[in-house]
Structures are given as C-alpha cells and as structure tokens.
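The values are calculated or read from the model by the stated rules, or taken from the named source; none is laboratory data. Nothing here was measured: the structure is a model prediction, and the numbers come from that model. FYI the Cβ positions are ideal-geometry reconstructions off the backbone, even for glycines, and counts take in every protein chain you see. With ligands, DNA and RNA removed, areas are computed over all heavy atoms of the protein, side chains included. Shrake-Rupley method; radii C 1.70, N 1.55, O 1.52, S 1.80 Å.
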Amino acid sequence: MAKYIFIGGGVMSGIGKGITAASIGKILQSKGFKITAIKIDPYINVDAGTMNPIEHGEVFVTDDGTECDQDIGNYERFLDQDLTTHNYITTGRVYQAVINRERNLEYGGRCVEVVPDIPNEVISRIKKAVQRVKADFVLIEIGGTVGEYQNSLFLEAARMLKLRHPKDVLFILVSYLPIPNMIGEMKTKPTQYAVRTLNMAGIQPDIIIARSEVPLDEPRKKKISTFCNISEQDVISAPDIKSIYEVPINFQKDNLGKRILNKFGMPAPKKDLKDWKKLVNVIKNSSETVKIGIVGKYFETGKFTLMDSYISIIEAIKHACWEHKKKPEISWLSAGEYEKDSQAVKEIKNYDGIIIPGGFGNRGVEGKIKAIEFCRKNKIPFLGLCLGMQLAVIEFARNVCGIAQASSTEFSSKCKYPVIDVMPEQKALLKEKKYGGTMRLGAYKCKIKPQTISFRGYKRSDISERHRHRYELNNEFRDQLEAKGMIMAGINSKRDLVEIIELKNHPFFVASQFHPEFKSRPLKPHPLFREFIKVCSAQH
Ligand code: GLN
C-alpha cells in the first residue's frame, strides 16, 4: 500500500510549499523509495495554459503536453522524473470529469453531489497517479492556504482518505512565522490559527514546517507544540536559505526523513542525499561569475519584479553554470527600453551571453529584435527560446536577407513576408476560438545535423524536446535563409518543421523552437544551456 503525504499551507502562500514537497520527495527518494508528486491547484481553469504569466508565473509543460503549474517543474527537477497530466489536479479538471460522467449516465441515475462525489474524484485521481508508476510515496501539495474556501473540498479528500487508510496518510502543514518590524519578535499566533482552521476541517497536522526568516528558537518550538497539539520534534525549522537545493539537506538536520518514515511505522535507511550534497557544495563555493542577460517583458508587477515567469530558464542557467563550477549572475533587461532608446541596446556588451525567452503578442518584440541584431553583429553568445528563435529568424530575414518587411503573422495577420507563420490546423482552431490546450504542446522528435553547435551539445542526432507555441518557421523562406548562412540545425522530419537554427561564423548563435529549459535538471544540465554557458564563460 502506498503512503500519502498531503502538504498544505498556513498563513500565506508563496512561502515554499512546492519546494518543501519536492524536498521531502528528494529525501525519501534518496533513501531508496519510489516517489511521485501531485500538485492540486484550486482554480477552475482546466490547465494553466490560458493564464497570464504575470498573474500565474511560468506555465510549465510536461512531455505529454500538459500546461501546468511551475511546481510540477520543481518536482521534475528535484526528483529527476518526467511527470504527466496525472500529476496535476485543478478544480476545473475534477468538476469537468464528474460532470462528463454524469452526462454519460455513469452514476447509475443517482443524485451526484458535491460531497462526497467531488472529494471521491480527487481521491481516485490521486490513486491513479500512484498506481501508474507504482510509487511507494505520493506527495500531494494543495495550493494556496488551508483557510481558503476553494480548498475545502481538497481538505475533505485528505480527511476522507485518512479515515479510510488511517496508517497511510500524513498531513504536513507548511506555515509562516512572521517577525514584524515593530515588534522584532517571531510570532506563532498566525500558525496557531492556521492549525485551528485545519482542525475545523477534521485534520490534525502530523508535522509542521515552520518557515521564517531565521531558524526557530526553543521557546517558539515549545509554543507551537503546546498550542498546535504536536510534539516538539515534529516542528521543523525552515529558515530562509540562499539556494532551494539546500532545503532537503536542511530538513535532514532535523531528521525529517526519519520522522516521516517512523510515523508510517517504517524503518529509515541511513543512506541519503550524497550527490545532492556535492551539488550544494559547488553552489556554495563557485565564485567566478558568468553574466547572463535575459531580455523579456513579463518582469514588472507594480513596484515588484516577478521572476516567476521565467523560473525554468533561471534554473537551467544555474544548472549549466554549476556544471562548469561557475556562479550565475542573471540580469533582467527590458525589451521595452530598447524600443524607446536606440542606444540602450549597447548595454548588452556588458554581458557574457544573452537569452531571449518565449513570449506571446507583439509588445516588446521590436526591442528583442534589436537585441538579437546586436548579439549577431557583436558576436555575443545568444540563445533564443521559442519566440526567441522566431525573432532571430525575423531579424536575419530583415537585416541579412534584405526582406525589410519580414515578420510573423502573430504580430500582423496581413504581413507580406511571413517568415514565421501559423500552421493551417492552428488557423482553424483560432478561428473557432479554441484556445485552451490547442498549441503545439509537449514532446516532439527532432533530428540534429552533424557538425553543428547543437550536435556538439547533445552528442547525438535523435532528440525529443517540449513545445508550447502556435507559430513555426515558414518553409517557403527556408532556401533564402539558408543561402545567406542560416543553418537549419534541427528538423522534425515527420512534419518537416525547423526546430533549431544556428548561424555560421559566430561563437554561439543558437535558437530553438522548443523549450529546452523544461528538461534541465540540477545534476543533468540541458545540453544547449551547458554549451551556451561554456562559450559564455570562455568569452568572459
Ligand atoms: N508566440 C509564439 C507562438 O505562439 C511563441 C510562443 C512561445 O514563445 N512559447 O508560436
């Protein structure tokens, strides 16, 4: 029988529940167990694909084409596993399935009710995800916090599952302990309220992970223990730390792995986290920097900079840097500035390499094209991702092939020279307003040309990478682009689509139609990022 570990949040969101869940998974995995993880998002959206990146952060994409929450990316990176649509639950998905079944008379004509039918659907989804991979443990992260109305049916599912399998279900609360400036003392009361709320849902947490700026002291531990009805040993201190990859090691200082296993009545194998500790050593001790600029537009929300929209890219840069024992220094360069001020783009000279990430719509596009032109002419290492590749093609068509009006039909539908264009099947979907889950999504095969930079990175010709886009390089312009020196370095042969472009006579000018960042793992950096960072640091 598999063991179920629910992870909920107290006090506020954004305190690292996902990293906590992934870290617990990592600890148990390192002890030899098979782990899987589920993210529950309480919103109605069937997937994250239709949400604005500024509001939602990155849309992560799995091999099977699921557009999901960035936490799935954390799980994949920590557990070094490919997850699927079964690992992602939203309120929308649950209701959609129940309603479809009701319409098909699959409930035998009885009245279908919110309780227990919705929690039962949640439970059956969790069980299916476990059975598919025959996991020993499943981590189920419930997004948001325990007091939120929209979470109640998921808490109900946790309660019902525990009632059915009392020995196989654990609930961990990740809570926040603020240290308000005017008081200067760490306060436990919000966490006490969070536990009360959980109690009202019929759940008593087995372990509390106490997130705070600094480590928890003894008096605070005692207070939480007394008022939250939990043993002191089950209150785990989780102070802010520099690298998320240190979290599992930190938890182990409090023997979290052993505590969890003992609660399930299981002995705890001694071995743990050997490679992971080595990685954290590199992270802490690399001092030589590589300066990477990311030219994008989803950075600002009011007065804050939101890096969440590019989380997988940031992690992929880090993984590649650590492989070369370098310290990444990432800067956010605003495409909008390059449009306003024609000299601003020269700041790119100060970077060892530039990345143009994915994106949608035409805001900032001309600024990004300027940045690409600057990288091409000044031989600055350049990595383009998805939209980044499309813009590199447009720049080359305009400035090298002399097609001054080259563009993408995404930016102007009547564009005369659509070097980037929408495929006919996509056109039909757009016409019918079928936007959700209809892009070219997930894993597609690609063949790499020998003697290219990409081949040097991958060291093989058959690869598979993840996609999320509607537009493609227009094959009608391929000959013209190639004649002027663009290399079509990766091709999807089944549909004859260009997946990677490169330029000759440039130290590193590579752009992919797919998103390599989704497949980078801390101990297995992505080949393209690895090569990119190698050249960047050589140029440094
Ligand atoms: N907007 C472009 C397209 O849909 C690129 C998408 C992306 O960068 N993910 O094709």
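What's the number of the condition ALA371 fails, among (1) part of a helix (DSSP H, G or I); (2) buried (at least 24 other Cβ atoms within 10 Å of the Cβ); (3) under 24 Å from the mean Cα position of the chain (by Cα)?
All conditions are met except number (3).
Helices (runs of 4 or more DSSP H) wholly in segment 67-175 with at least 3 residues that are at pLDDT 95 or above and more than 23 Å from the chain's Cα centre (by Cα) - which ones?
Details: elements: 70-79, 91-103, 114-133, 152-164.
Qualifying helices (runs of 4 or more DSSP H): 91-103, 114-133, 152-164.
Please return the ranges of helices (runs of 4 or more DSSP H) entirely within segment 233-352 where 1 or more residues are touching a residue at least 60 places away in the same chain (Cβ under 8 Å). Break it down stepwise before answering.
Values: elements: 247-253, 256-263, 274-285, 311-323, 335-340.
In segment 233-352, the matching helices (runs of 4 or more DSSP H) lie at 247-253, 256-263, 274-285, 311-323.
For every residue, the table says whether it meets (1) in contact with a strand residue (DSSP E or B) (Cβ under 8 Å, 6 or more places away or on another chain); (2) on the phi > 0 side of the Ramachandran plot; (3) modelled with pLDDT of 90 or more.
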position: TRP276; (1), (2), (3): no, no, yes
position: ASN281; (1), (2), (3): no, no, yes
position: SER286; (1), (2), (3): yes, no, yes
position: LYS297; (1), (2), (3): yes, no, no
position: GLY302; (1), (2), (3): no, yes, no
position: ASP308; (1), (2), (3): no, no, no
position: ALA316; (1), (2), (3): no, no, yes
position: LYS325; (1), (2), (3): no, yes, yes
position: PRO328; (1), (2), (3): yes, no, yes
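Just the residues that are closer than 30 Å to SER243 by Cα and touching an Asp or Glu at 6+ places or on another chain (Cβ under 9 Å), please, taken from segment 192-219.
PRO205, ASP206, ILE207, ILE208, ARG211, SER212, GLU213, VAL214, GLU218
Do you know which of the residues in segment 200-219 that are open to solvent by 40 Å² or more (accessible area, probe 1.4 Å) and touching a residue at least 24 places away in the same chain (Cβ under 8 Å) is nearest to TYR4 (Cα to Cα)?
Step one: of segment 200-219, the residues open to solvent by 40 Å² or more (accessible area, probe 1.4 Å) are 200, 202, 204, 211, 213-215, 217-219.
Add one more test, that the residue is touching a residue at least 24 places away in the same chain (Cβ under 8 Å), and what stays is 202, 204, 211, 213-215, 217.
On the way: GLY202: 17, GLN204: 15, ARG211: 22, GLU213: 29, VAL214: 30, PRO215: 28, ASP217: 30 Å.
The qualifying residue nearest to TYR4 (Cα to Cα) is GLN204.
Output the residues belonging to segment 437-487 that are of a type in the set (D, E, K, R) and within 16 Å of the ligand (Cβ to nearest atom). Reasoning before the result, please.
Taking segment 437-487 and keeping what is of a type in the set (D, E, K, R), we get 440, 445, 447, 449, 456, 459-460, 462, 465-466, 468, 470, 472, 476, 478-479, 482, 484.
The answer is ARG440, GLU465, ARG466, ARG468, ARG470, GLU472.
Anything in segment 132-165 that is open to solvent by 60 Å² or more (accessible area, probe 1.4 Å) and in contact with a strand residue (DSSP E or B) (Cβ under 6 Å, 6 or more places away or on another chain)? List them, or say none.
LYS162
Within segment 344-360, is there a residue that is within 16 Å of the ligand (Cβ to nearest atom), open to solvent by 20 Å² or more (accessible area, probe 1.4 Å) and of a type outside the set (D, E, K, R)?
yes
What number goes with the only condition from (1) surrounded by fewer than 21 Cβ atoms within 10 Å (Cβ to Cβ); (2) away from the ligand (no atom under 16 Å from the Cβ); (3) part of a helix (DSSP H, G or I) that GLU366 does not pass?
(2)
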